Every structure is written in C-alpha cells, then in structure tokens.
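The values are calculated or read from the model by the stated rules, or taken from the named source; none is laboratory data. Nothing here was measured: the structure is a model prediction, and the numbers come from that model. For neighbour counting, all protein chains shown are included, and Cβ atoms are generated from backbone atoms with ideal geometry for every residue, glycine included.
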Amino acid sequence: MRVGLVLPGFSADATDWCIPALRHLARTLATTDDVRVVAVRYPYRAARYAVDAAEVIALGGADRRGAATLALWRTTLQTLSAEHRRRPFDVLHAFWATESGLLAAAAGRLLRIPTLVSLAGGELVSLRDIDYGDQRSAWERLKVRASLRLATTVTAGSHLLMALAGRHVQHGKLHRAPLGVDLTLFQPDGRSETQPVRTLVTVGTLTRVKDHVTLLRAFAALRRGGPDATLQVVGDGPLRPDLEQLARRLRIDDSVCFLGEVDHGRLASIYRAADAFVLSSRHEAQGMVALEAAACGLPVMGTRVGVLPELTTAVAPVADHHALANALAVSLESAPPNAAQRVVTEFGLRECVDRFRDLYTGVRW
C-alpha cells in the first residue's frame, strides 16, 4: 500500500525525534508499506531524505505567514500531485485537522484519493484564559471545519475526544484510532507493583496548557498533609523560570526537581525510576506520555483529559488543585492498579498501526 503522511513537521534526520509518536507510526508502517512523509513546516529547509525506511519530502515552510502561506499551500498541493503522478497514493493520512489536514483533504478531493484526518491537538477546544485552542479564531475554525468536511474519514485517539468530535463530524465518518506506544522501548522493569508511591514524575513541555501551576499547587497541598513525596518535572519551555519561582514560593523547591528536556530514547528509564506518573494538563487529544508511563508499569493519575480516564480512576477535574491533591493523596495511601496490560492489548504500536491500516484498506473515495 502507498501511504502519504501529511504532517506539520517530521524528524530532520535519524537523531531528531521531532514528534515521537508520528516517527514510530511512520517507521512501523514502512516495514510493510510504501510510506512518503510530506512535512509542511519542519524541518525549516526544503529537502528530500529517508528516515527509518520512510521517504521524507520536507517543504521548509517554517513560520511563513500571510501571502507566504498561500505560496506554501500551493507548493504542498503541487508536491502531493507530483508524488501521486510518480507513484500513485492509495491513501493520504494527515495529523491535526488544521493546515496539514486541510491540505491533505483538499489534495484528496482534487486527486480522488481517500483521506484520513486525525485529530491530534486543540482543534476542537477554546481555552481563552490560556490562549489555547483552534476554536478561538474564526480563521482556524474555518480550517478545522473544512478539514473535517473534506476528509473521507476522521479519527480520534481517546473516548473523550471522540465525544467532542461527535459534535463536529457527521455520523459514520468518525473512528477511534489512537497512536501507539513502542512496547520494545516502554516496558516494566519487573519490580513489585504494590510498593508505596514516593516519587512522582510528570512529562511535558512547560507551557500553560500542561498546567504545571495546578500540579505544583496540588503537590504543595499534598506535602502539607504530611506525605514525604518528591516530584520530578521532565520537559522545558517558556514557563520554566516562573514555575521554579512558584516552587520556591510554595516552599516545595527542595522536593521538586526540574530535569529539563530529556531525549525520547531515555524517557523509559525516567519512568521506571519513579513510583507513579501524574498529568495535570488542561487538554490532551490523547496523552502519549501517560500511555508510555503506564506501559513501564507505573500507576497513572491526573486530570480528566485524553486517555487518562481510560487508564485510571485517579482523575480530577482540570485546573482544580484541591481535587488533584486529593487524588494524589489517595494514590499515596494505596497506589491505583497500573494499566500496563491495558496498554499492551489496546495501545501497543503494532496494534494501533494495524488499526490504521484497516482504515486505509476500508476507506473508499
């Protein structure tokens, strides 16, 4: 099968993970199929190269805006058309129902190729207080609406996102198809599952949608209650100085460690060195880090976003640090069962890729 993946960005070379879940998807697909990746914005240079047996056509769109955006869109459509003439695509698959989804779905209509568009971020939400979500802008809403209307099939990676997408996508067109976890990389270390929770770990870019402020406030409330716990924060971003200052103000800086950016290949060892994983996001389309942690045998807890309610009962409403502190306290007393087996049977990389392939073969123009 000849698959065209249309993405905002992809690995610039074999050492660059860029968007790890999409790198894993392309690599696994390429073991059985002809995979060409059209990367619209990143890398920031035009190039043609191979990564993990997938052919990558980078358009180097970078941060072009205004009239330059229209030129980039024209180049993308011309590239997809030329690639289709060179080796006809059987299906186009885009992630994010914004620019990449719109371009793939438009190309599919023009070339009469079935197209999947996967919801993968904040396309359907509007969180104005943190300037997050594509529903805040009329222009972005138009792109999302056109992507979902023009696509042959739309997918979502969690039950929560499925429910939200059901308000925007016509009946019969929407399918649940999560991205998968590489179980050769993320797996338990064989230790006892009943040990008390003492070291919490969270992974995510330090931006407002990940809501580390709520996490730090919840952790401070937890520490005031007595438990001798520590928190490891993996990731970097523009809010790091503010978060470090908040930890000092809350007097938890001696038990919170900001580890900074960690290479994707090293994350498994970070997970396995902890006792539990916590996610405090305001929104997640799926939540790959929670799945990775669960695959490593960790109990997971956090806010009611993405797949988290599918993995654990230790969930709290978003942006509620009191409720999150209570969920953490209960978990410290009796760690919730880990969801490793659930991840293996439902979210393993091979199983998820096969689910996408079933959609590819079943979809018709």
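Can you spot a residue in segment 324-335 that is surrounded by fewer than 17 Cβ atoms within 10 Å (Cβ to Cβ), at pLDDT 95 or above and over 23 Å from the mean Cα position of the chain (by Cα)? No, that holds for no residue. For first residues located in segment 46-66 and without any contact (Cβ under 8 Å) to a residue 60 or more places away in the chain, partners that are among the aromatic types (Phe, Trp, Tyr) and in a loop (DSSP other than H, G, I, E, B) and lie 6+ apart or on another chain with Cβ distances below 7 Å form the pairs 56/10; 60/44; 62/44.
Are any residues in segment 95-112 within 14 Å of residue 7 (Cα to Cα) and either surrounded by fewer than 16 Cβ atoms within 10 Å (Cβ to Cβ) or not assigned by TED's automatic domain parsing to the domain that holds residue 147 (or both), and if so, which ones? Listed by number, the list is empty, since nothing qualifies.
Before we move on, is residue 345 polar (S, T, N, Q), in contact with a strand residue (DSSP E or B) (Cβ under 6 Å, 6 or more places away or on another chain) and under 29 Å from residue 25 (Cα atoms)?
no
Per the listing 200, 206, 215, the residue uniquely touching a helix residue (DSSP H, G or I) at 6+ places or on another chain (Cβ under 6 Å), buried (at least 18 other Cβ atoms within 10 Å of the Cβ), under 20 Å from residue 271 (Cβ atoms) and not charged (D, E, K, R) is 206.
Taking segment 178-191, which residues are surrounded by 20 or more Cβ atoms within 10 Å (Cβ to Cβ) and of a type outside the set (Phe, Trp, Tyr)?
Matches in segment 178-191: 178, 179, 180, 181, 182.
Residue 238 meets all of the listed conditions (1) within 26 Å of residue 126 (Cα to Cα); (2) in contact (Cβ under 8 Å) with a residue 40 or more places away in the chain; (3) over 17 Å from the mean Cα position of the chain (by Cα) but one, namely (2). Selection of segment 351-365 for residues being modelled with pLDDT under 95 and either of a type outside the set (Gly, Ala, Ser) or within 13 Å of residue 176 (Cα to Cα) (or both) yields 361, 363, 364, 365. Out of 124, 148, 116, 92, one residue alone is surrounded by 14 or more Cβ atoms within 10 Å (Cβ to Cβ), among the hydrophobic types (A, V, I, L, M, F, W, C) and touching a Phe, Trp or Tyr at 6+ places or on another chain (Cβ under 9 Å). It is 116. Filtering segment 150-178 to residues that are farther than 15 Å from residue 95 by Cα and of a type in the set (Lys, Arg) leaves 167, 173. Just to verify a result, which residue in segment 336-365, among those that are among the aliphatic types (A, V, I, L, M) and more than 28 Å from residue 222 (Cβ to Cβ), is surrounded by the fewest Cβ atoms within 10 Å (Cβ to Cβ)? By that ranking, first place goes to 344.
Among the residues of segment 159-176, write down those that are touching a residue at least 60 places away in the same chain (Cβ under 8 Å) and surrounded by fewer than 22 Cβ atoms within 10 Å (Cβ to Cβ).
159, 160, 175
Under 7 Å between Cβ atoms, which residue pairs at least 6 apart in sequence (or on different chains) link something in segment 330-347 that is more than 10 Å from residue 294 (Cβ to Cβ) with a partner that is at pLDDT below 85 and buried (at least 17 other Cβ atoms within 10 Å of the Cβ)? Hits for this filter: 331/197; 332/197; 335/197.
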